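Participant: So that we are looking at the same thing, I have put the structure below in structure tokens.
The values are calculated or read from the model by the stated rules, or taken from the named source; none is laboratory data. What you see is a predicted model, and the numbers here were worked out from it, not measured in a lab. Quick reminder, even Gly has a Cβ in these numbers, built from the backbone with ideal geometry, and neighbours come from all protein chains shown.
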Amino acid sequence: MIFADRVLGVKPSATFKYDAAAKKPGVINLTIGRPDFDTPQVIKEAAKKALDEGRVHYTPSKGIPELRKAIAEKLEGENNITNLDRDKILVSGGGKQIIYCIIMALAGKGDVVAIPNPAWVSYEAQIKLANAEVEWLTLKPEEGFIPGEDFMNELEETNAKLLILNSPGNPTGAVIPERTIKKIMDVCVERDIFVISDEVYEKIIYEGKHYSPASEYENVITVNAFSKTYSMTGWRLGYCACADRAIIDRIDIVHQQSLSCCTSFAQYGALAAFSDEAKLAAEQMCEELKSRRDYVMKRIGEMDVVCAKPGGAFYVFPYFNGADDLELADELLEKGVGVVPGSAFGSQGRGCVRISYGSANIDLLSQAFDRIIR
């Protein structure tokens, strides 16, 4: 069998690879990017009710109207993104699927898509699957992986068609300050660059507040998901929004021809995510994750590494002073701790490892860091 070039040039997901390796008995798994909390009961009950009511068939490709309306209202009320209605919202199979559909709809051969370096592993892979080119914009561990002078200089010189922003970020947990996002957006407006704003960790911020660039700029597609905020990673529900309906309609073509629509009863369950009960559960989860973050930073302080305190998400991305991160991850796995090597996220991740504290309580984290420090 002769495979397509687009597949031959893309590696399997490093996070899934190391997650699988960390499932051996006795290994504390700090690889996978998910919270270990249950989905709020109110959401599960709403999905069960939808099943009992026979809501098991196809839905409109963009998602059920009630859910899209609720998302538009959420984005206006919480993110200050106006000029939206349900036809400018697209619900798809998780944030990953949404970003894939966006890239496939907007980028192709000869196009350049700029992404931070380091960045979530799937950005690069999806750009390559679209036969587009990747341009990396430098982030530095000593700057807490917040876009600095090098990032801005590279952005001002790029000929990219698209830029992907991710705040809070994966793999670093960095929260980009509002003033910095505005500087980036001003350059993108000047250079006619469209921005994909990946905001799936927006509710997991420990200090400061979240800023959505689409609240003030039109050249933005906002991406979000139910996965992280409500611990619904297995439900596979994400969405995007854009004030330009024509853009959403084009993205929906890719969505229709690949997924058709999201699981019907899962969408009805997601409606309950906008309830007070679900919001309270999300806030409680964030408080617990903050406690874990603080504990992890305390233990990292016992080590000779560079690691700024992350402002959000549930990752730390320590720099081990030039160590071979692939060898380090393999050695840690042998010693009973699963992490993801930083080079999987881009060249600026070399010497780093990504440690996820989303799926391990403080007791497990204590055991893990005892092994790491030894």
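Participant: For I64, indicate whether it is in contact (Cβ under 8 Å) with a residue 60 or more places away in the chain and either in the same structural domain as P171 (by TED's automatic domain parsing) or under 22 Å from S215 (Cβ atoms) (or both).
Facilitator: yes
Participant: D294 is checked against (1) more than 20 Å from the chain's Cα centre (by Cα); (2) in contact (Cβ under 8 Å) with a residue 12 or more places away in the chain and fails just one. What number does that condition carry?
Facilitator: It fails just one condition, (2).
Participant: Which one is nearest to V316 (Cα to Cα) among residues in segment 155-203 that are among the hydroxyl-bearing types (S, T, Y) and in contact with a Leu (Cβ under 8 Å, 6 or more places away or on another chain)?
Facilitator: Pass one, segment 155-203, residues among the hydroxyl-bearing types (S, T, Y): 158, 167, 172, 180, 197, 201.
Imposing the further condition that a residue be in contact with a Leu (Cβ under 8 Å, 6 or more places away or on another chain) reduces the set to 158, 172, 197.
On the way: T158: 29, T172: 6, S197: 21 Å.
Checking each candidate, the answer is T172.
Participant: For segment 129-154, enumerate the residues that are over 21 Å from the mean Cα position of the chain (by Cα) and part of a helix (DSSP H, G or I).
Facilitator: Once the filter is applied, which keeps residues that are over 21 Å from the mean Cα position of the chain (by Cα) and part of a helix (DSSP H, G or I), segment 129-154 yields E142, E149, D150, M152, N153, E154.
Participant: Right, something else. I'd like to check something: does segment 329-350 contain any residue that is among the basic types (K, R), closer than 24 Å to G26 by Cβ and surrounded by 18 or more Cβ atoms within 10 Å (Cβ to Cβ)?
Facilitator: no
Participant: May I pose another question? Is it the case that some residue within segment 112-123 is part of a helix (DSSP H, G or I), in contact with a strand residue (DSSP E or B) (Cβ under 7 Å, 6 or more places away or on another chain) and touching a residue at least 12 places away in the same chain (Cβ under 8 Å)? If you could, list the steps in order and put the result at the bottom.
Facilitator: Residues of segment 112-123 that are part of a helix (DSSP H, G or I), as a first pass: 121-123.
Of the ones still in play, those that are also in contact with a strand residue (DSSP E or B) (Cβ under 7 Å, 6 or more places away or on another chain) are 123.
From what is left, the residues that are touching a residue at least 12 places away in the same chain (Cβ under 8 Å) are 123.
Looking through segment 112-123, at least one residue is part of a helix (DSSP H, G or I), in contact with a strand residue (DSSP E or B) (Cβ under 7 Å, 6 or more places away or on another chain) and touching a residue at least 12 places away in the same chain (Cβ under 8 Å).
Participant: For segment 281-313, give me each residue that is under 17 Å from A360 (Cβ atoms), in a loop (DSSP other than H, G, I, E, B) and of a type outside the set (A, V, I, L, M, F, W, C). Before you say what the answer is, go through the steps one by one.
Facilitator: Looking only at segment 281-313, we keep the residues that are under 17 Å from A360 (Cβ atoms), and these are 285-300, 310, 313.
So of that shortlist, the ones also in a loop (DSSP other than H, G, I, E, B) come out as 310, 313.
Hit for segment 281-313 is P310, nothing else.
Participant: Among (1) assigned to a loop (DSSP other than H, G, I, E, B); (2) buried (at least 23 other Cβ atoms within 10 Å of the Cβ); (3) not small (G, A, S), where does I355 come up short?
Facilitator: Going through (1) assigned to a loop (DSSP other than H, G, I, E, B); (2) buried (at least 23 other Cβ atoms within 10 Å of the Cβ); (3) not small (G, A, S) one by one, I355 breaks only (1).
Participant: Given the structure, is S231 outside any loop (DSSP other than H, G, I, E, B), of a type in the set (S, T, N, Q) and in the same structural domain as G148 (by TED's automatic domain parsing)?
Facilitator: Spelling it out, it is not the case that S231 is outside any loop (DSSP other than H, G, I, E, B), of a type in the set (S, T, N, Q) and in the same structural domain as G148 (by TED's automatic domain parsing).
Participant: Do we have any residue at all in segment 309-326 that's among the small types (G, A, S) and more than 27 Å from Q126 (Cβ to Cβ)?
Facilitator: Here is the first cut: in segment 309-326, the ones among the small types (G, A, S) are 311-313, 322-323.
Checking the rest, the ones that are also more than 27 Å from Q126 (Cβ to Cβ) come to 322-323.
Yes.
Participant: So, one more: Only one of K290, K209 is modelled with pLDDT under 95 and either among the basic types (K, R) or over 23 Å from G311 (Cβ atoms) (or both); which?
Facilitator: K209
Participant: Out of P141, P147, which single residue is farther than 30 Å from C262 by Cα, surrounded by 20 or more Cβ atoms within 10 Å (Cβ to Cβ) and without any contact (Cβ under 8 Å) to a residue 60 or more places away in the chain?
Facilitator: It is P147.
Participant: Any residue that is within 20 Å of the chain's Cα centre (by Cα), buried (at least 24 other Cβ atoms within 10 Å of the Cβ), over 18 Å from I98 (Cα atoms) and of a type outside the set (V, I, T) - is there at least one of those in segment 248-271?
Facilitator: no
Participant: Still on this structure, please answer the following. Name, by its number, the condition in (1) within 22 Å of A282 (Cα to Cα); (2) modelled with pLDDT under 95 that does not hold for I43.
Facilitator: Unmet condition: (2).
Participant: Let me ask you something else. Conditions: (1) in the same structural domain as K290 (by TED's automatic domain parsing); (2) surrounded by fewer than 19 Cβ atoms within 10 Å (Cβ to Cβ); (3) among the hydrophobic types (A, V, I, L, M, F, W, C). L51 meets all but one. Number of the miss?
Facilitator: For L51, the failing item is (1).
Participant: Please count how many residues of segment 1-21 are in contact with a Leu (Cβ under 7 Å, 6 or more places away or on another chain) and closer than 22 Å to V353 by Cβ.
Facilitator: Qualifying residue count for the region: 1.
Participant: Does segment 333-340 contain at least one residue that is in a loop (DSSP other than H, G, I, E, B), under 23 Å from K209 (Cβ atoms) and not aliphatic (A, V, I, L, M)?
Facilitator: There is no residue in segment 333-340 that is in a loop (DSSP other than H, G, I, E, B), under 23 Å from K209 (Cβ atoms) and not aliphatic (A, V, I, L, M).
Participant: Restricting to segment 315-374, count the residues that are farther than 21 Å from P116 by Cβ and touching a Leu at 6+ places or on another chain (Cβ under 7 Å).
Facilitator: Residues meeting the conditions: 6.
For every residue, the table says whether it meets (1) surrounded by fewer than 21 Cβ atoms within 10 Å (Cβ to Cβ); (2) β-branched (V, I, T); (3) within 17 Å of V10 (Cβ to Cβ).
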| residue | (1), (2), (3) |
| --- | --- |
| L90 | no, no, no |
| I99 | no, yes, yes |
| I102 | no, yes, no |
| G108 | yes, no, yes |
| S122 | yes, no, yes |
